[in-house]
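Each reported figure results from applying straightforward, stated rules to the coordinates on display, with no laboratory input. Here the structure is a predicted model, which is why all the values come from computation and not from measurement. As a convention, Cβ positions derive from the backbone with ideal geometry for all residues, glycine included, and neighbour counts pool all protein chains shown.
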Amino acid sequence: MKNFNLNKIQKIFFSGIGGIGISALAKWMVHLNKTVIGSDINQSEITDTLQKKGIKIYFQQKPENITKDIDLFIYSPAVPPNHPERQKAKEYKIPQLSYPEFLGILSKNYYTIAISGTHGKSTVTALTGWILEKAQLDPTVVVGSKMKFWEDNLRLGKSKYLVAEACEWKAHMLQIQPKIIILNNLELDHPDYYKNVNQEIQTFQKFANKLKTQDLLILNGDDKNLAKIKPKSRILTFGIKNKRTDLIAKNIRVNSKKHLQTFEIYYQKKSLGQFEIKLPGIINVYNCLGPILVALNLNIDVKTIKLALKSFPGLWRRLEKICYYKKALIFADYGHHPTAVRQTLKAIKDFYPKNRIVLIFQPHEHTRTKVLFSDYTKSFDQADVLILNEIYTVPGRENQKQINSVSSKDLAQAIQRRNKKIKIIYTQNLDQTKQALDSLIKPKDIVIIMGAGDIYKIIAKLK
């Protein structure tokens, strides 16, 4: 949008305001004393929080919600062009921006650190922001999850630094204007948009190309797909296996009694000493390495980095410890890609090696499930019990043919054929899932409720 001037905008409408990313921008605009209203098809914890801030939210999305005095219309990427609110905004000639476009415009005014990749974006974003906060750099952070010690998915700072999660779905990250990019990993995901992994690599190359020669690309040197990306900017790599990376983690040790892990960091062959985190799994060691490199390049001292990582409290639905239920410990996790499922199960097994693992999993989107079906069948080996809820249908992203093409029942049968040891229960809905859990749960079980859909709603019934 040319000649965009936020100072001249007073009233903003957010369509799909309950989304985790778009809701952060709605809060941001409230802090800038803008009049914010919005709509969504569902009420949720997020919309409840927004309403407490005085934001009026319509739970029926219809043309009458849009009035001529609205200065700017922001919409979730899930809201299509023929949506009644977008059509009315067009009729009134109200400027429209998608959530990624609006975030991209805001990012131009900051020294923006963008985090992207297939897995771990939210954790890496939060870790980066957390370190900068502890170093008193007072960043603004937009993260695709919630942090207990921030304003959920938003931290508003007063400095030049913006740390932003940059999602790769439909190449949304290309809207961001970064000074530093962290690419954590890269493999095929979002098959409703990317035809194959090569198309995804090409898109990430375009993202890296946005960096100027003095800017910085930080990437995982252990990732074979990221190795194909060649930036014109400065580049720093991190890893665990590749000995030629600029920053490497060695001597990784898990303390299952204290539920922590330690590792030694070497930066350009010089030891920075031992680091400690309360996050489980090798995936979370990787998640720390990009933020450490950012901090070092912003001249944050090593002691501050260590203290920040040690005190990091974790994220909402990222192996989040929830409660005890019938003397079993309940975790919630957002994982939905086969690799994320496998790594999360391995992480929890590291911390709880003697406990029975009960996984409640809801696949996310039928296209993803069908394209990655074979990978899914190999992702559950660390679970002792698997309750497989029916696939979550993403509103506005799937047609009936796609929905009919695959079921969790098919996946349950395929997993069972491959692995006879896992006890598998297929459930059609959340009520059946809760009943299945109640029928088999035992004291000292570790129960993980996992998925990016509405499976988290079960947690309220357990609390």
Taking the C-alpha atoms of the range 56-98, convex hull volume expressed per residue in Å³: 74 Å³
Charge-dipole axis of the range 292-418 as Lys and Arg at +1 and Asp and Glu at -1 on Cβ define it, positive-most pick from Gly335, Ile391, Cys323: Cys323
How big is the dipole moment of the range 293-445 about its Cα centre under a simple scheme where the beta carbon of each Lys and Arg is +1, that of each Asp and Glu is -1, and everything else is neutral? Debye, nearest 20, please. 540 debye
Of the DSSP beta bridges with both residues in the range 1-154, give the percent that are antiparallel, rounding to the nearest 5. 15 percent
By the scheme Lys and Arg +1, Asp and Glu -1, what is the net charge of all other residues having a beta-carbon under 15 Å from that of Ile94? +2
Projected area averaged over all directions for the convex hull of the alpha carbon atoms of the range 157-275, nm², comes out at 9.9 nm²
For a distance above 42 Å, tell me the whole-number percent of Cα pairs in the chain that qualify. 14 percent
Could you state the principal axis extents of the C-alpha atoms in the range 231-317, from the largest down, to the nearest angstrom? 43, 26, 24
For Asp384 and Lys93, extending 7 Å from Cα along the Cα-Cβ vector and measuring point to point gives, in nm, a value of 6.8 nm
Mind giving me the nanometre distance, one decimal, between the label points for Glu151 and Lys303, set 7 Å out from Cα along Cα→Cβ? 3.3 nm
Could you compute the net charge surrounding Ser256? Neighbours are other residues with a C-beta less than 12 Å from the C-beta of Ser256; K and R count +1, D and E count -1. +4
Projected onto the charge dipole of the range 108-311 (unit charges on the beta-carbon of Lys, Arg, Asp and Glu, signs +1, +1, -1, -1), the Cα from Leu296, Ala166, Ala227 with the largest positive-side position is that of Leu296
Please compute, over every Cα-Cα pair in the range 108-311, the percentage with a separation greater than 29 angstrom. 19 percent
To the nearest 500 deg cm²/dmol, what mean residue ellipticity at 222 nm is calculated for the chain from DSSP H runs of n ≥ 4 alone, each contributing -39,500 (n - 2.57), summed and divided by the residues? -9000 deg cm²/dmol
If packing is taken as the average count of other Cβ atoms within 10 Å, what order do 364-371, 75-82 fall into, highest mean first? 364-371, 75-82
Taking every eigenvalue of the Cα gyration tensor of the range 320-462, multiplying by 5 and rooting it, what semi-axes result, largest first, whole Å? 23, 17, 14
For the range 166-306, share of DSSP beta bridges that run antiparallel, in % to the nearest 5: 55 percent
Could you grab the Rg to Rh ratio for the range 336-404? Cα atoms only, Kirkwood for Rh. 1.04
Output the Cα-based Rg and Dmax of the range 9-98 in Å, rounding Rg to one decimal and Dmax to a whole number. 11.6, 32
Relative to the compact-globule estimate 2.2 N^0.38 Å (N residues), the Cα gyration radius of the range 202-268 stands at a ratio of 1.38
Expressed in nanometres to one decimal, the distance between label points 7 Å along Cα→Cβ at Tyr324 and Ser405 is 4.6 nm
Determine the gain in length on full extension of the stretch Phe59-Asn419; use 0.36 nm per residue of separation and subtract their C-alpha separation, reporting nm with one decimal. 125.2 nm
Antiparallel bridge percentage (DSSP; both residues within the chain; nearest 5): 30 percent
Considering amide H positions built from the backbone, and no H for Pro or chain starts, which residues 5 or more places from Tyr426, or on another chain, come under 5 Å of its amide H? Leu388
